[in-house]
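K.L.:
Handing you this structure, nothing more for now.
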Amino acid sequence: MISPVHQVLRDGTRERHETLDQGLALSDADLDQARYLAYLRALLGWLEALRTELLHSGVHVMWVSPGYTTSNIRNVALNNEGNPEAESLMDEDKMMSAEDCAREIFKAIEQKKRSLVLTGTGKRTLLINRLFPSLADKLIYKFFFKGGQLIK
């Protein structure tokens, strides 16, 4: 049996790029997003397996964690009551633009990076999560919740 990945290589070009926008550095963010985070972790595991399987095939596999970027998603995003959010809960002046994010991703693809984390918060989160996972859980919860209510 031929794996779907090898079929793609057989049918496509020799060099391909796979990227993944995975949110905030695979951190344990919002408790309501447990399924989303489980999906991201599963997808990351799949990408790591894919990278290993295709190591000598010329395929470039990279995951990307851009953090929050400015966009119009708030116009269609729903709040916890199912109504349009309309306003961002985040300070968008401090966020990277979608255009800047795309430029960074493109540069990383050209450089064949394995992963790309674009924010200082994301980089710190990864480091703390690897060294002190329990502390990371508490800090991430504190970042997203105040008084038991989701604020971001």
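K.L.:
Give me, ordered by chain and number, the residues 5 or more places off Met96 or on other chains with an amide H under 5 Å from its own placed amide H.
P.N.:
So Met96 has HN proximity to Thr70.
K.L.:
Would you calculate the separation in nanometres between label points at Ala102 and Leu50, each defined as 7 Å from the Cα along the Cα-to-beta-carbon direction?
P.N.:
Each label point is offset 7 Å from its Cα along the Cβ direction, giving 2.1 nm.
K.L.:
Amide H neighbours of Ser65 under 5 Å, counting only residues 5+ apart in sequence or on other chains, H built in-plane at 1.01 Å?
P.N.:
Gln22, Leu116, Val117, Leu118
K.L.:
Going by the alpha-carbon gyration tensor, a ≥ b ≥ c the square roots of its eigenvalues, is the range 89-152 rounded (a/c under 1.5) or, if a/c is not under 1.5, prolate (a/b greater than b/c) versus oblate?
P.N.:
On the way: a/c = 4.20, a/b = 1.45, b/c = 2.89.
Taking the square roots of the gyration eigenvalues as a ≥ b ≥ c, the range 89-152 is oblate.
K.L.:
If you don't mind, another one. What is the order of Glu99, Glu92, fewest Cβ neighbours within 10 Å to most?
P.N.:
Glu99, Glu92
Values in this text are rule-based calculations from the coordinates and carry no lab data. Please read these numbers as outputs of a predicted model, since none were measured by experiment. Virtual Cβ from ideal backbone geometry, glycine too; neighbours counted across all protein chains shown.
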